[in-house]
Structures are given as C-alpha cells and as structure tokens.
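The structure appears right after this line, and notes come after that.
The values are calculated or read from the model by the stated rules, or taken from the named source; none is laboratory data. This structure is a prediction, so every number in the text was calculated from the model and none was measured. Because the Cβ atoms are built from the backbone with ideal geometry, glycine has one as well, and the counts that use them run over all protein chains shown. We work out accessible area using only protein heavy atoms, side chains counted, and drop any ligands, DNA or RNA first. Shrake-Rupley method; radii C 1.70, N 1.55, O 1.52, S 1.80 Å.
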Amino acid sequence: MNDRHGVERHRLKRAVVTGAAGFIGSHLVDALLSAGATVVGVDRRDPGTDPVAATNLADALGHPGFTFVAADLRTCPVAALFLQADAVFHFAGMPGVRGSWGERFAEYTGCNVFATERVLAACEDVRVPRLVYASSSSVYGTIREGASGEQRTPTPESPYAVSKLAGEQLCLAHAGKASSAVTAVALRLFTVYGPRQRPDMLIGRALAAALGGAALNLYGSGDQRRDFTYVGDVVQAAIAGATTGIESAVLNIGAGVSTSVLDVLAAIEELTGRPVPVNRMPAKPGDVDATLADRSRAGELLGWKPCTALVQGISRQLAHLTANSPQIASA
Ligand code: NAD
Ligand code: UGA
C-alpha cells in the first residue's frame with residue numbers, strides 16, 4: 001500500500017508500546033488505536049496506582065483494542081508480551097539529561113541499556129519484524145555550527161546521553177545479526193513538547209509559572225537553543241518508522257528550527273498575557289548549548305515532515321494544562 005506521498009506503507013494490526021504510560025508513549029498508544037491497531041501497552045507505572053499514568057492513559061484504558069501490562073522491563077518475562085506483534089515501539093526509559101549524574105546512574109543504565117537489551121532479545125525470540133527505538137538528540141553533544149546530520153560523530157555529554165547512544169547501538173547490533181529477523185529504526189528525538197509533557201521539562205514548567213505556579217528555575221543564561229518538536233509530529237514519525245518498508249536506520253526527528261529558552265519564555269508571556277517569573281540558576285552539567293536537526297534523511301526515507309509550529313504547539317499544551325490543572329489556571 002502506498003501513501004499519498006507515494007511511500008510504501010505496511011498496515012499495523014498489532015503493536016506493542018513500551019513506556020505506554022509516559023508522555024510520548026501514551027500519545028503513540030492513542031494514535032495507534034485511532035488507526036485501528038490492537039495495542040499492548042507496557043509500563044512499570046501502573047495507572048491503578050499512579051495518577052500521571054492514569055491521566056495519560058485515560059482514553060486508551062476504555063478502548064476495546066487496548067491491553068495494559070504493568071511490568072518492569074528490567075526483570076519481567078518479555079517475549080510473551082510481543083507475540084504476533086507487527087512492531088514494538090520501545091519508548092520506555094529513564095529520560096532527562098540533568099538528573100542522570102550521580103546516584104541514579106544505575107537506574108539509567110538499568111532502564112535505558114539493560115532493559116533495551118532484554119527487549120531486543122525478546123524481539124529476536126518471537127521474530128518481531130520491526131523495533132522502533134526512542135533515541136535522543138542528546139547523543140550529538142554540543143554542536144558549534146549548523147544542523148546535526150546522522151553521520152556526525154556522536155559526542156554525548158551526560159550519562160543519560162551515553163545510555164541512549166548505547167541503546168541505539170544495541171538496536172543496530174541485534175538488527176545486524178545474521179540470525180535475527182528484527183529490523184530497527186532508531187529515532188533521535190529532539191526536545192519533545194506538547195500536552196502531557198513530563199513535569200521536569202521547560203515548556204510545561206514555564207507555562208505553569210506564568211499561570212501562577214512555582215517560578216521557573218532558569219538554568220544558565222537562557223541563550224541555549226533547542227529544536228523543540230511537537231509530540232504529534234513525533235508520533236507520526238514513529239508510526240512511519242514502523243510501517244515504512246526500509247532497512248534498519250538511525251534518523252533525526254526534529255522540527256528543524258532552533259529556538260532559545262528566552263524566546264520560548266517570551267512566546268509564553270505573549271500567549272498567556274502574563275510574565276514568567278524566574279529564579280536564575282547556574283547552568284546544569286550536560287545541558288548542551290544548542291540542538292538543531294537536519295531532518296532530510298527522515299524526509300527521504302519515511303516521507304515525514306513536521307507540521308506543527310512552536311507557537312501552535314505551545315498553545316495546545318497551554319489549553320491542555322488549563323483544562324487539566326484548573327487550580328493553576330485560576331491562580
Ligand atoms: P516519560 O518518563 O514520560 O515516559 C517513559 C516511560 O517509561 C515512563 O512511563 C516510565 O514509567 C517507563 N519506564 C521507564 N523505565 C521502565 C522500565 N524499566 N520498565 C517499564 N517501564 C519503564 O518520558 P518521555 O519524555 O515520554 O520519553 C519517552 C522516551 O523517549 C524515553 O526513552 C526518552 O529517553 C526518549 N526521549 C524523550 C525525549 C523528550 O524530549 N521527551 C527526547 C528524546 C528521547
Ligand atoms: C529533552 C528531554 O528531557 C530529554 O529526555 C531528551 O533526551 C532531550 O530533550 C533530547 O532532545 O534528546 P532538554 O533539551 O533538556 O531534554 O529539554 P527541556 O527539559 O525542555 O530543557 C530545555 C532547556 O530548558 C534546557 O537548556 C534546560 O536547561 C532549560 N530548562 C529546563 C530550564 O532552564 N529550567 C527548567 O526547569 C527546565
């Protein structure tokens with residue numbers, strides 16, 4: 001079957017999403033269910049006991065095509081979860097650059113490296129044809145000029161970035177084994193934002209601060225730049241990564257526009273009509289100066305391009321926040 005861009009696509013009948021209760025994973029679950037797939041969602045956060053997981057999966061849990069499995073991928077039997085899956089979307093992981101130094105590194109390696117190896121071995125065991133892996137723009141480290149293309153040598157600058165690069169390399173190692181049936185598409189996602197964004201991230205924190213929540217801790221000068229990428233565009237890339245008839249690949253998934261933190265705060269002040277109160281803090285180790293995706297390879301191979309401008313995406317995140325946190329909105 002070809003899509004309207006002429007790219008060959010397979011239909012997904014059955015998909016597994018790891019990290020299903022998280023920010024990006026839950027959007028992916030919703031989109032797959034809307035497209036008619038049967039979805040198994042796996043996460044160590046159980047919506048029965050974890051309020052964030054329950055909110056993120058509110059729509060999916062009532063859908064007849066959805067099954068949720070509460071399990072920790074570092075220890076649980078994995079292969080049985082993947083039986084007859086056309087694709088596994090491996091989005092479970094410990095995210096966040098700044099928290100990855102120190103004591104929590106064991107959790108980063110456990111969830112991002114060890115669990116990824118277990119997921120890949122299970123894909124091999126039950127012959128899953130395609131794994132889509134949530135890699136990270138952080139693998140590039142600091143870029144001095146221009147956009148990062150996938151051929152750029154990674155120079156990760158935080159334990160988190162090292163763990164994500166290790167996960168990506170594991171994907172390629174399994175896909176390259178002669179005996180393996182799994183192909184892997186690793187997507188280097190660039191700073192994802194939108195409704196349900198994790199509470200440690202910039203845009204959600206700045207919106208909450210503007211609406212009367214805690215002041216934003218602004219790390220460094222605010223001149224650091226990010227290629228902020230809307231979650232709905234990321235989900236479309238992930239589905240294209242599973243359904244497009246390509247070999248294993250590493251692809252940048254970014255909006256292709258770099259915006260400074262101070263410019264994001266100005267946009268939020270404009271949208272809300274309120275100032276964003278800030279506490280100036282020292283820059284955090286591992287936080288790179290700038291990210292910017294060269295997204296041409298994802299365009300060529302997946303027929304993917306982002307379609308959400310930053311102000312449009314922030315407006316949607318603002319609408320979601322005011323609908324779900326009325327105490328902040330009325331402060
Ligand atoms: P998130 O924390 O909202 O979601 C991750 C989910 O994975 C969580 O619900 C968590 O409970 C689950 N998880 C973690 N370890 C697990 C384990 N051992 N077993 C089972 N479940 C486990 O984070 P997110 O922002 O949605 O990120 C999703 C993925 O995308 C992560 O792998 C992250 O590294 C990657 N990523 C995120 C961004 C971004 O900007 N948000 C950018 C690049 C890459
Ligand atoms: C994001 C995700 O959190 C990582 O999990 C992901 O791997 C990474 O994108 C990626 O692109 O791969 P980050 O770019 O740090 O990491 O995204 P934000 O947390 O939104 O931070 C953006 C910028 O705002 C950073 O420079 C950060 O220092 C700054 N910031 C963030 C603050 O000044 N204050 C905050 O409270 C939060």
From most to least accessible, 1.4 Å probe, no ligand or DNA/RNA atoms counted, W101, W304 line up as W101, W304
SASA check, E145, accessible area w/ 1.4 Å probe, all protein chains in place, rounded to nearest 10 Å², comes out at 150 Å²
Helix by helix, which DSSP H runs in the chain go 24 Å or more along their axis at the Cα atoms and have an average Kyte-Doolittle hydropathy of -1.0 or more?
-> 159-176
Got a sec? Which residues in region 61-86 would a label at E107 touch, if it sits 7 Å along Cα→Cβ and we count backbone N under 18 Å?
-> 71-76
Residue-by-residue Karplus 3J(HN,Hα) for region 295-307, coefficients 6.51, -1.76, 1.60, Hz, glycine and proline x = 9, 5, 5, 5, x, 5, 7, 9, x, 9, 8, x, 10
Assuming R0 = 56 Å, can you tell me the calculated FRET efficiency for the pair A80 and L271, based on Cβ-Cβ distance, to the nearest 0.05?
-> 0.75
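In what sequence, largest accessible area first, do R188, R316 appear using a 1.4 Å probe?
The residues order as R316, R188, largest area first.
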Residues of region 14-329: accessible area per residue at 1.4 Å, in Å²?
-> 40 Å²
V42's amide H: which non-local residues (gap 5+, or another chain) put their own amide H closer than 5 Å, with H modeled 1.01 Å from N in plane and none for Pro or chain starts?
-> V17, T18, G19, A20, V69
Long-range amide H partners of L12, meaning residues 5 or more apart or on another chain whose placed amide H is closer than 5 Å, are none
In order over region 60-72: 3J(HN,Hα) from phi, Karplus 6.51/-1.76/1.60, θ = phi - 60°, whole Hz, x for each Gly or Pro, gives 4, 5, x, 8, x, x, 10, 10, 9, 10, 7, 7, 9
In the neighbourhood of L33 defined by beta carbon distances under 13 Å, the net charge of the other residues (Lys, Arg +1; Asp, Glu -1) is 0
Calculated from backbone phi, Karplus (6.51, -1.76, 1.60) coupling profile of region 92-106 in Hz, x at Gly/Pro | 5, x, 8, x, x, 6, 6, x, 8, 7, x, 4, 7, 4, 4
If one builds a Gaussian network model of the chain from Cα atoms under 10 Å apart, the most fluctuating residue listed among E117, E247, E269 is E247
Just from its helices, what would the mean residue ellipticity at 222 nm be for the chain, if runs of 4 or more DSSP H residues each count -39500 (n - 2.57) and the sum is divided by every residue, rounded to the nearest 500 deg cm²/dmol?
-> -10000 deg cm²/dmol
For K164, the lysines lying under 23 Å Cα to Cα, once residues fewer than eight places off in the same chain are dropped, come out as K177, K284
Area accessible to solvent at L265, 1.4 Å probe radius, in Å² | 10 Å²
Carbon and sulfur together cover what percent of the accessible area of the chain at a 1.4 Å probe radius?
-> 54 percent
Let me know the shape class of region 144-183, please: from the alpha-carbon gyration tensor, a ≥ b ≥ c as square roots of the eigenvalues, rounded when a/c is under 1.5, otherwise prolate if a/b is greater than b/c, or oblate.
-> oblate
If you average the sequence gap of Cα pairs under 8 Å that are 6 or more apart and divide by the length of region 14-329, what percent do you get for the contact order?
-> 18 percent
Using r as the Cβ-Cβ distance of A173 and T322, and R0 as 41 Å, what FRET efficiency do you calculate, to the nearest 0.05?
-> 0.35
Please build a GNM for the chain, connecting alpha carbons under 10 Å apart, and tell me which residue among V192, V139, V69 fluctuates the most.
-> V69
Residues whose modelled amide H sits under 5 Å from the amide H of V192, counting only those 5 or more places away in sequence or on another chain, are T229
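Can you give the FRET efficiency for A35 and R280, using 1/(1 + (r/R0)^6), R0 = 45 Å, r = Cβ-Cβ distance, to the nearest 0.05? Present the calculation step by step, with values, prior to reporting the outcome.
On the way: r = 45 Å, r/R0 = 1.00.
My answer for the efficiency is 0.50.
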